Amino acid sequence: MRRQSESLLLLPLLPIFLAGMFPMLLIGLLGFFGLALFGVLLICAGLACGNEAHDTFQHDVVVHGYARGPERAAQASSMHEATRLALQVEAMGLILIIAAVIGFLYAG
């Protein structure tokens, strides 16, 4: 029996790669403005992640009722962990924006 090549598994992902390649290339070609744009996108992703964590916690409380102590603590811990990750992503976005502004002022 002949084995099929694993590279054929990547063929369906080729259109996604080609569609995503141009915006990333454009961000790189924009220079400091592209870096600031990427920072804004990171901040938006962090805000969405934090909102999703709170939404999931509130959904569990509304749909399943107020859980017992250990289960509620696990849900709250999961929400706090996701919120901390979202804050770190937002901070990285802010750092990228600051770096872009400093780079633009220093190079200009």
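The values are calculated or read from the model by the stated rules, or taken from the named source; none is laboratory data. All of these numbers come straight from a predicted model, not from anything done at the bench. Virtual Cβ from ideal backbone geometry, glycine too; neighbours counted across all protein chains shown. Note: areas computed on protein heavy atoms with side chains; ligands, DNA, RNA excluded. Shrake-Rupley method; radii C 1.70, N 1.55, O 1.52, S 1.80 Å.
The figures follow:
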{"read-out": "Single residue of region 28-56 satisfying the filter (among the small types (Gly, Ala, Ser) and either open to solvent by 70 Å² or more (accessible area, probe 1.4 Å) or more than 14 Å from residue 95 (Cα to Cα) (or both)) that is modelled with the lowest pLDDT", "value": "28"}
{"read-out": "Boolean, residue 25 is open to solvent by 90 Å² or more (accessible area, probe 1.4 Å) and without any contact (Cβ under 8 Å) to a residue 24 or more places away in the chain", "value": "yes"}
{"read-out": "Hey, residue 84 surrounded by 14 or more Cβ atoms within 10 Å (Cβ to Cβ), over 20 Å from residue 27 (Cβ atoms) and charged (D, E, K, R) or not", "value": "no"}
{"read-out": "Residue in region 60-73 that is in contact with a helix residue (DSSP H, G or I) (Cβ under 8 Å, 6 or more places away or on another chain), modelled with pLDDT under 85 and loosely packed, with under 11 Cβ neighbours inside 10 Å present", "value": "yes"}
